[in-house]
Amino acid sequence: MAIKEKDIKKIINAEDNSGKVYQLGENYCFYSEVLFAGHLASSGKIGPIVYTESEYLHDVTYRWREGNFGDVDTPRIDSWYQLFDPLMYAHTIGPAQVALGGIKKPMPFVEVISYANDIGGYQANPICHPAKAFQVGLFKTETGAIAKCANAYIFAREPSRLIIQVTGRLGTYECYQIGIPGRLFLTDGHKISKSRHRKGKSKIVDTNELSAIVPPVEGLHYGSSVRIMDDWLQAINNNIKPAIHAKIAANFCLSGIAASKSARSGGKPIKIKKFSE
């Protein structure tokens, strides 16, 4: 959306004053697994939410090389990635806020403590400089829920770039690779078994289980790009706000800006302004 708060405000004002439609194209919020996690949270099926986790570890160093390929001997070129630290790229913060509140009401963050480093670069000289190579943030919400978000420019976890997890008092959903079945655990209240585990049942959340909640579509990024384009066109046709309108997008992006400030200060807690409940 923007990498400066003043520019975020300009976009919000433009949306408010023009009567036109704005959408942040954060397609990762529209993965079936992320939408399913958000459904569990917003429906109350797993109880009040206490924690979510979102990670996106993707080696994008090819974007700093001529021709978008090559190795350390291929000359470096400038890339838009070097303009901002990893968590300012909303592939983790967006899905985490959706997992906490659902796609219709992503839950804003109000405070962050974040750390970043340059570990992992070739000969300790990460190609992403001056941006940091790896960043993790612990975000707090007004409800007391905590989100852990991590993003990297030079680490690879292939093919499982994105993971999503949401934990409530009565259950947990975990998916460690998009497109591969995840796992849902639902407790039997707060009863403890003889083996000192919380009583309950777990089941595999496969395509059929997801489809009962999130209608399946074919397309790029497991259909997420199709869903966000449909949301965009429906908003235009019906003169309504899309799911990720300017103020929701501002909640995503200002969280990333605050995380960068925290990391650059050595982990100082930073308050985050809310643009939308």
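The values are calculated or read from the model by the stated rules, or taken from the named source; none is laboratory data. Note that the structure is a prediction, hence the values are computed from the model and not measured. Every residue, glycine as well, gets a Cβ built from its backbone with ideal geometry; the counts of neighbours run over all protein chains shown.
With the structure loaded, tell me whether Gln135 is surrounded by 21 or more Cβ atoms within 10 Å (Cβ to Cβ) and over 15 Å from Arg63 (Cα atoms) or whether it fails that test.
Numbers: surrounded by 21 or more Cβ atoms within 10 Å (Cβ to Cβ): yes; over 15 Å from Arg63 (Cα atoms): yes.
For Gln135, the condition - surrounded by 21 or more Cβ atoms within 10 Å (Cβ to Cβ) and over 15 Å from Arg63 (Cα atoms) - is met.
Tell me whether region 50-67 contains one or more residues that are out of contact with any Cys (no Cβ under 6 Å at 6 or more places or on another chain), part of a loop (DSSP other than H, G, I, E, B) and among the basic types (Lys, Arg).
Restricting attention to region 50-67, the residues satisfying the condition of being out of contact with any Cys (no Cβ under 6 Å at 6 or more places or on another chain) are 50-53, 55-67.
Now restrict to residues that are part of a loop (DSSP other than H, G, I, E, B): 58-60.
Cutting the leftovers down to among the basic types (Lys, Arg) gives us none.
No, the conditions are met nowhere in region 50-67.
Residue by residue through region 145-169, note down the ones that are surrounded by fewer than 21 Cβ atoms within 10 Å (Cβ to Cβ), modelled with pLDDT under 95 and not hydroxyl-bearing (Ser, Thr, Tyr).
Phe155, Ala156, Arg157, Glu158, Pro159, Arg161
On the given criteria, is Val50 in contact with a Gly (Cβ under 9 Å, 6 or more places away or on another chain), in contact (Cβ under 8 Å) with a residue 24 or more places away in the chain, surrounded by fewer than 20 Cβ atoms within 10 Å (Cβ to Cβ) and hydrophobic (A, V, I, L, M, F, W, C)?
Judged against the criteria, Val50 is a match.
Against the conditions (1) without any contact (Cβ under 8 Å) to a residue 12 or more places away in the chain; (2) within 17 Å of the chain's Cα centre (by Cα), where does Tyr28 fall short? Just the number, please.
Only one criterion in (1) without any contact (Cβ under 8 Å) to a residue 12 or more places away in the chain; (2) within 17 Å of the chain's Cα centre (by Cα) is unmet by Tyr28, namely (1).
Kindly provide the set of residues from region 151-174 that are touching a Pro at 6+ places or on another chain (Cβ under 8 Å) and either at positive phi or not basic (Lys, Arg) (or both), ordered by number.
Within region 151-174, Asn151, Ala152, Tyr153, Ile154, Leu162, Ile164, Gly168 qualify.
Given the criteria crowded, with 24+ Cβ neighbours inside 10 Å and within 22 Å of Thr74 (Cβ to Cβ), does Tyr122 qualify?
Judged against the criteria, Tyr122 is not a match.
Looking at this structure, is Gly266 in contact with an Asp or Glu (Cβ under 6 Å, 6 or more places away or on another chain), of a type outside the set (Lys, Arg) and surrounded by fewer than 20 Cβ atoms within 10 Å (Cβ to Cβ)? Before you say what the answer is, go through the steps one by one.
Values: in contact with an Asp or Glu (Cβ under 6 Å, 6 or more places away or on another chain): no; of a type outside the set (Lys, Arg): yes; surrounded by fewer than 20 Cβ atoms within 10 Å (Cβ to Cβ): yes.
Spelling it out, it is not the case that Gly266 is in contact with an Asp or Glu (Cβ under 6 Å, 6 or more places away or on another chain), of a type outside the set (Lys, Arg) and surrounded by fewer than 20 Cβ atoms within 10 Å (Cβ to Cβ).
Find all pairs meeting these conditions: Cβ atoms under 7 angstrom apart; at least six residues apart or on different chains; first residue within region 219-234 and on the phi < 0 side of the Ramachandran plot; second residue of a type in the set (A, V, I, L, M, F, W, C).
From residues that are on the phi < 0 side of the Ramachandran plot, the pairs are Ser224/Phe30; Val226/Val217; Arg227/Phe30; Arg227/Val217; Ile228/Phe30; Asp231/Ala243.
I'd like to verify a number: residues in region 224-257 that are closer than 30 Å to Ala116 by Cα and polar (S, T, N, Q), how many?
4
Restricting attention to helices (runs of 4 or more DSSP H) lying wholly within region 170-277, give those where 1 or more residues are among the aromatic types (Phe, Trp, Tyr), at pLDDT 95 or above and more than 21 Å from Ile146 (Cβ to Cβ). Steps first, please.
Numbers: elements: 207-211, 224-238, 246-264.
Result: 224-238.
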